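Read through the structure below, which is laid out as structure tokens, and then see the notes.
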Amino acid sequence: MAGKDMYRVLLVRSLLLRKGSNLAAVTALAMLATVSSALLTLSFDLSAKLSQEFRRFGANVILTPKGASFSVDDLVALRKVLSPADAESDESRVVARTNSGQPVLVVGVNLQQAERMNPWWRLSGANRDVVIGAEEDRRLAENGDTAIIFKGKTISIPAVHTVLHSGGPEEKQVFLQLTDVENTFAQPVNRVELSLSGQAPEIIAELQRILSAVPSANAQPVQQIMEAEAGVVGRGLHALLYTTLIIAFAVALGVLATLSSSILDRRRDFAVMKALGSTQGRLISIFLGETTAMALLAALIGYVNGLGIAEWISRSNFHSSLDLHWLALPIVLVGTLAVAMVSSVVPLMRLQGIEPALILKGE
Amino acid sequence: MLLRLLYQSFHRQQRRKLLACAAISLGLTVLTATVAVNNDIGDRMNLELRSLGANLVVRPAVETSGPAASDGPVLRESNLPKMKHIFWAHNILGYAPVLFSTTTLSNGKAEPLIGTYFQKPVNTGDAIFITGVSKTNPWWRVKGNWPADDSDHVLVGADLATSLNLAPGQSLRLQNGTELHVDGILSTGGDEDHAIVAPLAMVQRIAHRPDAVDQVFVSALTKPEDDFARRDPRTMSGPVLERWMCSPYANTIARQIDLAVPGASTQQVRRVAQSEGILLRDVDGLFLMVTIAALLTAMLAVGAAMSAAIMERQQEIGIMRSLGATNSAIALLFALEAIVLALIGGGIGFATGSLLSQQLGMSVFQTVITPRPLLIPFVLLASVAVTLAGSWSAIRRAVRFDPAAVLRSH
């Protein structure tokens, strides 16, 4: 009992009395914890951030009906399985004719939704209810077309409309509000563009859920985006993880060197205790107790700092907040403790065989 | 005298100097490896993003003075190799011309026929450049074989093949009696799934449009767009225009293609070009910050080692001071020592860092990150700066020691 009390007194006094050098040790360890927790948290979050960036490329899955069109029930069932982070754009597409008889692909869509989903569209013009692809717009003007006809019904093209530049197939299409196409041309939704959030395995799982909820749909992933995303996410993550490892390893070595030299500086304490009759085991337990207390404190300070830094980096690069990953905390905690332990045990082992008298005499 | 002091210091304290040197090379190893990876990541990601396909599309320029000629395109296939003569030719990784037509099958139905290059060797005048959809549309999947570009064999889109019940190796009969050999079934997820895709030369012959091309898809490595990139080159003058033309922005490359290929009007495929620009900028930003973290780390590691090394020499400093050395002389000695250590440690750090980054390049990108000897002076400079910065506070503390107190304590 007395031994335990003595141990506690020694530990507390040592921590309180040697403020300067303890502060240096805690600072060094906290640095290690800060750097590694910031980089680890960023690495764990990187896939999610990059996947989110890939949503800028628009739809990654296209649904088409097995029959002529989707029923209202199909669309309701679809919306039930979509997650809130997904974007959906229903389209009713028809090949109509202009009043001069030219074929034209008309896409009925919620235009506000489509604009959000396709942020690369460059729109110029006032009326956002009629969006005409640049190439089609030129063709309509050349032929003097003012209306689109489908199955005997006519939708006129207002002189004030928006022109779409994309450098893609959209430039040959005419976009109208979905309700207009559905009501006037009596064409229900026959294509759904989905921008599913998450990484490849999640998207595939969600695709399965969608297909079982809407059995009348064919799903076609947009290969080019899925493949580019897989490549960029995989490579980016590897590069960041390896860099993290190298940096953390270097910091750990630096901290190790600093701490072990500060323990060696205390060889006089060690010698005095030994001369007063302390056993090797007792000595090691006192030093380790000290080290553990400092390492835990440093790990916590470092973890909090690291999260702050990671959050700042995430915000300034990806413009969105960080998602915490629980794995970073135990890794940082164990890593900091391990470095602290090694840096105190190794010098203590080296001092083990030395006679206290020699140290105290000043050798 | 100073040189002798310096020499003696290195000669007599070899172990201590070795430790400091090890710390510096460790710091510089990390810095070199991180900078090399960071330097490379933008380019690698850019290449990776090229699997998104073409980011530029070349179309025939529309005559603004009157209605365009209705009898087809003004783009000529024979003019396309000129694209590989522009300033940023090396950034053009591939291009695929496209000619649209239709053909009537033996069942009486008209089906779209698309002519293009699959993997065609093109003579650009000074080299053979292999290009085609295999470069610009790497996500195209073929069951069976790709046809040769000089053959009359075709690919049939997956949806069309299902409805016609075709398999690779069979033939497709046209209304005029011609038999087309189907080498493979193509799935792309796009319009080509409903079409017949054939070598360009064959479609030009069938459509009676020799040398004609409707559009060209170009896959180019570009620099992420910034405000400067978006400016209109027509409003620029002399040196500003030159600077604009000398940056591989998508717009710059497009403009150079327009100037090189007669009748061309090149635009960004905005879905790819705009979105990848933002992505690249964000990834670059992230890795820049990681590099800064590595720099700070290197500084801390070196700083800790240097200050420990200087603190151990309090006695020596005390003796020097009591023998009349001035503060600046002591500071100079330590600074010179630091510089020598930094140069040696920096050299070793550069070598190990380059080796490390090569290993990293192999495991992350499956390609070697070539060491850049050009970086050596920068690494050495960084090494000296980091070491001096790390030793600064220790040197300052060292010259403030009271010599009497230091000497008495031992």
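Note on segment B:88-141: residues that are farther than 28 Å from residue B:172 by Cα, in a loop (DSSP other than H, G, I, E, B), more than 24 Å from the chain's Cα centre (by Cα) and of a type in the set (S, T, N, Q) total 0. Looking only at residues of segment B:262-286 that are touching a Leu at 6+ places or on another chain (Cβ under 9 Å), more than 7 Å from every other protein chain (Cβ to nearest Cβ) and crowded, with 22+ Cβ neighbours inside 10 Å, we find that the one that is farthest from residue A:170 (Cα to Cα) is B:280.
In segment B:1-27, the residues that are under 15 Å from residue B:310 (Cβ atoms) form Cβ pairs under 7 Å with partners that are among the aromatic types (Phe, Trp, Tyr), at six or more places apart or across chains, as follows: B:17/B:10.
Among the conditions (1) in a helix (DSSP H, G or I); (2) at pLDDT 85 or above; (3) more than 8 Å from chain A (Cβ to nearest Cβ), residue B:39 misses just one, which is (2). Taken over segment A:318-328, the criterion of being within 14 Å of another protein chain (Cβ to nearest Cβ) and touching a residue at least 40 places away in the same chain (Cβ under 8 Å) is satisfied by A:318, A:320, A:322. Within segment B:289-299, if we keep just the residues that are surrounded by fewer than 22 Cβ atoms within 10 Å (Cβ to Cβ) and at the interface with chain A (Cβ under 9 Å from one of its Cβ atoms), the residue that is farthest from residue B:334 (Cα to Cα) turns out to be B:289. Residues in segment B:4-25 that are under 24 Å from residue B:382 (Cα atoms) and not in a helix (DSSP H, G or I): none. From the list A:230, A:200, A:186, the lone residue that is away from chain B (no Cβ under 12 Å) and within 24 Å of the chain's Cα centre (by Cα) is A:200. For beta carbons closer than 6 Å, sequence separation of 6+ or different chains, a first residue in segment A:52-67 that is more than 10 Å from every other protein chain (Cβ to nearest Cβ) and a second that is in a helix (DSSP H, G or I) and surrounded by 21 or more Cβ atoms within 10 Å (Cβ to Cβ), the qualifying pairs are A:60/A:225. Within segment A:78-129, the residues that satisfy the criterion of being in a loop (DSSP other than H, G, I, E, B), within 14 Å of another protein chain (Cβ to nearest Cβ) and farther than 21 Å from residue B:272 by Cβ are A:100, A:102. Restricting segment B:20-43 to residues that are under 15 Å from residue B:375 (Cα atoms) and of a type in the set (Val, Ile, Thr), the residue that is surrounded by the most Cβ atoms within 10 Å (Cβ to Cβ) is B:32.
Against the test of being surrounded by 12 or more Cβ atoms within 10 Å (Cβ to Cβ), within 14 Å of chain B (Cβ to nearest Cβ) and more than 17 Å from residue A:49 (Cβ to Cβ), the options A:339, A:304, A:346 yield a single qualifying residue, A:339. Residues considered: A:150, A:175, A:185. Of these, the only one that is over 28 Å from residue B:217 (Cα atoms), buried (at least 20 other Cβ atoms within 10 Å of the Cβ) and of a type in the set (A, V, I, L, M, F, W, C) is A:185. Quick one: is residue A:293 part of a helix (DSSP H, G or I), over 28 Å from residue B:16 (Cβ atoms) and in contact with a Ser or Thr (Cβ under 6 Å, 6 or more places away or on another chain)? Spelling it out, it is not the case that residue A:293 is part of a helix (DSSP H, G or I), over 28 Å from residue B:16 (Cβ atoms) and in contact with a Ser or Thr (Cβ under 6 Å, 6 or more places away or on another chain). Tell me, which residue of segment A:233-259 that is under 13 Å from residue A:335 (Cβ atoms) and more than 7 Å from chain B (Cβ to nearest Cβ) is nearest to the chain's Cα centre (by Cα)? Residue satisfying both the conditions and the ranking: A:244. Taken together, the residues in segment A:318-336 that are surrounded by 18 or more Cβ atoms within 10 Å (Cβ to Cβ) and of a type in the set (S, T, N, Q) amount to 1. Which of (1) surrounded by fewer than 19 Cβ atoms within 10 Å (Cβ to Cβ); (2) touching a residue at least 40 places away in the same chain (Cβ under 8 Å); (3) of a type in the set (Ser, Thr, Tyr); (4) not in a loop (DSSP other than H, G, I, E, B) is the odd one out, the single condition residue B:151 does not satisfy? All conditions pass for residue B:151, except number (4).
Filtering segment A:151-168 to residues that are outside any loop (DSSP other than H, G, I, E, B), of a type outside the set (Val, Ile, Thr) and within 14 Å of another protein chain (Cβ to nearest Cβ) leaves A:164, A:165. When the criteria are applied in full, residue B:285 fails the requirement of being at pLDDT below 80 and either more than 22 Å from residue B:2 (Cα to Cα) or among the acidic types (Asp, Glu) (or both).
Rundown of residues vs (1) modelled with pLDDT under 85; (2) in contact with a Ser or Thr (Cβ under 7 Å, 6 or more places away or on another chain), yes/no style:
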{"position": "A:198", "(1), (2)": "yes, yes"}
{"position": "A:219", "(1), (2)": "no, no"}
{"position": "A:241", "(1), (2)": "no, yes"}
{"position": "A:249", "(1), (2)": "no, no"}
{"position": "A:260", "(1), (2)": "yes, yes"}
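Within segment A:125-153, which residues are without any contact (Cβ under 8 Å) to a residue 12 or more places away in the chain and more than 29 Å from residue B:216 (Cβ to Cβ)? Once the filter is applied, which keeps residues that are without any contact (Cβ under 8 Å) to a residue 12 or more places away in the chain and more than 29 Å from residue B:216 (Cβ to Cβ), segment A:125-153 yields only A:152. Every listed requirement among (1) within 30 Å of residue A:332 (Cβ to Cβ); (2) modelled with pLDDT of 80 or more; (3) surrounded by fewer than 19 Cβ atoms within 10 Å (Cβ to Cβ) is met by residue A:275 save one, (1).
With respect to the conditions (1) at pLDDT 90 or above; (2) under 18 Å from residue A:114 (Cα atoms); (3) surrounded by 16 or more Cβ atoms within 10 Å (Cβ to Cβ), residue A:207 lacks only one, and its number is (2). Residue A:23 - would you say it is surrounded by 20 or more Cβ atoms within 10 Å (Cβ to Cβ), under 39 Å from the mean Cα position of the chain (by Cα) and either within 13 Å of another protein chain (Cβ to nearest Cβ) or farther than 30 Å from residue A:221 by Cβ (or both)? Judged against the criteria, residue A:23 is not a match. Exactly one residue among B:149, B:226, B:183, B:193 is acidic (Asp, Glu), under 37 Å from the mean Cα position of the chain (by Cα) and within 14 Å of another protein chain (Cβ to nearest Cβ), and that residue is B:193. Taken over segment A:63-86, the criterion of being over 17 Å from residue A:215 (Cβ atoms) and buried (at least 18 other Cβ atoms within 10 Å of the Cβ) is satisfied by A:86 alone. Listed by position, the helices (runs of 4 or more DSSP H) contained in segment B:300-408 that have at least 2 residues being over 29 Å from residue A:28 (Cα atoms) and within 14 Å of chain A (Cβ to nearest Cβ) are B:327-365.
Do the conditions hold for residue B:162, that is, is it without any contact (Cβ under 8 Å) to a residue 24 or more places away in the chain and within 14 Å of chain A (Cβ to nearest Cβ)? The answer is yes for residue B:162. On the stretch given as segment B:242-269, residues that are of a type in the set (A, V, I, L, M) and over 24 Å from the mean Cα position of the chain (by Cα) total 4.
The values are calculated or read from the model by the stated rules, or taken from the named source; none is laboratory data. Keep in mind that this is a model prediction, so the values were computed, not measured. Using ideal geometry, Cβ is built from the backbone for each residue, glycine included, and neighbour counts are taken over all protein chains shown.
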